[in-house]
Amino acid sequence: MSEWQFLDCELAEEFAELRFFSVKKGDVEFVITVKEYAQRNPQHMRFFAQADKQINQKSAPFYPFGWGDTLIQSLTECMKSIRKYPYEGA
C-alpha cells in the first residue's frame, strides 16, 4: 500500500492517484487514464479506467471504461471495449 493512500480524506472526495497508458487502434491513439482510489467506491472497486475518445459514434457513442479490484482488471475491461467497437471519428 502506498503512502498517499493514508491521507486523511472524505469518501465523497474520491481522492485518487492517476496513471496514464496509450494504445493505438489503426491510426487512432487512445489515452487511457486509470484512477486508483484511496478508499473503495460504493461498488467496492478501487480502480477505474477510461479512454479519452468515444467509440461506436454512429450508433451509441460512449467512452470505453472498466472497473476492477486491480489495475490490470480495469485496463482489461477498457481495452475490450476499444477492441470490440469501431472508432468512427472524423
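The values are calculated or read from the model by the stated rules, or taken from the named source; none is laboratory data. Every value quoted in this text rests on a predicted model; they were computed, and no experiment measured them. As a convention, Cβ positions derive from the backbone with ideal geometry for all residues, glycine included, and neighbour counts pool all protein chains shown. What goes into the accessible areas is simple: the full protein's heavy atoms, side chains included, and nothing from ligands, DNA or RNA. Shrake-Rupley method; radii C 1.70, N 1.55, O 1.52, S 1.80 Å.
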Which pairs do you get when a residue that is under 17 Å from Thr76 (Cα atoms), found in region 47-60, comes within reach of a residue that is part of a strand (DSSP E or B) and open to solvent by 60 Å² or more (accessible area, probe 1.4 Å), reach meaning Cβ atoms under 6 angstrom, with the pair 6+ apart or on two chains?
Phe48/Lys35; Phe48/Trp67; Gln50/Phe65
Would you mind stating whether Lys35 is open to solvent by 30 Å² or more (accessible area, probe 1.4 Å), charged (D, E, K, R) and within 10 Å of the chain's Cα centre (by Cα)?
yes
If Ser22 satisfies all but one of (1) open to solvent by 60 Å² or more (accessible area, probe 1.4 Å); (2) among the small types (Gly, Ala, Ser); (3) over 15 Å from the mean Cα position of the chain (by Cα), what's the number of the condition it fails?
(3)
Of the residues that make up region 39-46, is at least one of a type in the set (A, V, I, L, M), surrounded by 17 or more Cβ atoms within 10 Å (Cβ to Cβ) and touching a residue at least 12 places away in the same chain (Cβ under 8 Å)?
no
Restricting to region 47-90, what's the tally of residues that are at pLDDT below 95, closer than 25 Å to Glu17 by Cβ and more than 11 Å from the chain's Cα centre (by Cα)?
2
Strands (runs of 3 or more DSSP E) contained in region 16-65 and holding at least 1 residues more than 19 Å from Lys80 (Cβ to Cβ) and either of a type outside the set (A, V, I, L, M) or in contact with a helix residue (DSSP H, G or I) (Cβ under 9 Å, 6 or more places away or on another chain) (or both):
16-25, 28-37
